[in-house]
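The values are calculated or read from the model by the stated rules, or taken from the named source; none is laboratory data. All of these numbers come straight from a predicted model, not from anything done at the bench. Ideal geometry is used to build each Cβ from the backbone, glycine not excepted, and the neighbour counts take in all protein chains shown.
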Amino acid sequence: MVLTASTMLPLGTVAPDFSLLDTCGQRVSLANFQEKKGLVVMFLCNHCPYVIHLQKHLKDFANEFLPLEIGFVAINANDPTNYPDDSPEKMKITAENNEYPFPYLFDASQKVAQAYKAACTPDFFLFDDNLKLTYRGQFDESRPGNDSPVTGNDLRKAILATLAGKETPIPQKPSIGCNIKWKPENQPTYFDPSGSAKKL
């Protein structure tokens, strides 16, 4: 495991398009969420301890905001050849066991993760009703072993601000977790805020 932080995609970025299969073999695309008042895109996986730390809380968090017309979608971009615990078959089990009330999609080509400049699992992106980025970063301060309760407060504050048409809280803290398990040919080069390239 390589501990990795979010790349902090620039606020105002328009949500990159996607069209991926969910755990039931149904295709889900960005267009499915265009009528929502906001959209949370989560890069998750099955085996990362940082994701497992949040899994049982994601159901209740999403159910809190789904009635308010906030869409949720989870994407797994990990390479299942080298990490079989993140295979689509295991994704179906994970989604069922945790009763995910949102689609859990498999990014087989890893192109969607690259387009979002996703770096870690979990990684959270919030878009407004125009599909412009208003928040990217941590769910909350809780991490495995730090004894802070899982509350979702950072993401919750951002969603409430977005629904109210207000600016989201600043500063926004990056999410931290396992690095996305890239295929060798897909290892991306992202840029940090100073403009220097870094391999993730």
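Cβ contacts < 7 Å: first residue more than 17 Å from P67 (Cβ to Cβ), restricted to the stretch 24-38; second residue polar (S, T, N, Q) and not in a loop (DSSP other than H, G, I, E, B), any location; separation 6+ or different chain. Result? From residues that are more than 17 Å from P67 (Cβ to Cβ), the pairs are R27/S19; S29/S19. The sole residue among K90, K56 that is among the charged types (D, E, K, R), crowded, with 18+ Cβ neighbours inside 10 Å, on the phi < 0 side of the Ramachandran plot and not in a loop (DSSP other than H, G, I, E, B) is K90. Within the stretch 180-194, one or more residues are modelled with pLDDT under 95, in contact with a strand residue (DSSP E or B) (Cβ under 6 Å, 6 or more places away or on another chain) and either part of a loop (DSSP other than H, G, I, E, B) or exposed (fewer than 11 other Cβ atoms within 10 Å of the Cβ) (or both). What's the total number of residues in the stretch 127-162 that are part of a helix (DSSP H, G or I) and not small (G, A, S)? Total satisfying the criteria: 8. Candidates are the residues of the stretch 3-53 that are of a type in the set (S, T, N, Q) and either surrounded by 20 or more Cβ atoms within 10 Å (Cβ to Cβ) or part of a strand (DSSP E or B) (or both); the one that is nearest to the chain's Cα centre (by Cα) is S6. Applying the criterion of being outside any loop (DSSP other than H, G, I, E, B) and either of a type outside the set (G, A, S) or without any contact (Cβ under 8 Å) to a residue 24 or more places away in the chain (or both) to the residues of the stretch 98-113, the residue that is surrounded by the fewest Cβ atoms within 10 Å (Cβ to Cβ) is K111.
Quick one: is L155 modelled with pLDDT under 95 and either within 22 Å of P49 (Cα to Cα) or surrounded by 17 or more Cβ atoms within 10 Å (Cβ to Cβ) (or both)? Spell out how you get there, then give the answer.
On the way: modelled with pLDDT under 95: no; either within 22 Å of P49 (Cα to Cα) or surrounded by 17 or more Cβ atoms within 10 Å (Cβ to Cβ) (or both): yes.
So L155 fails the test.
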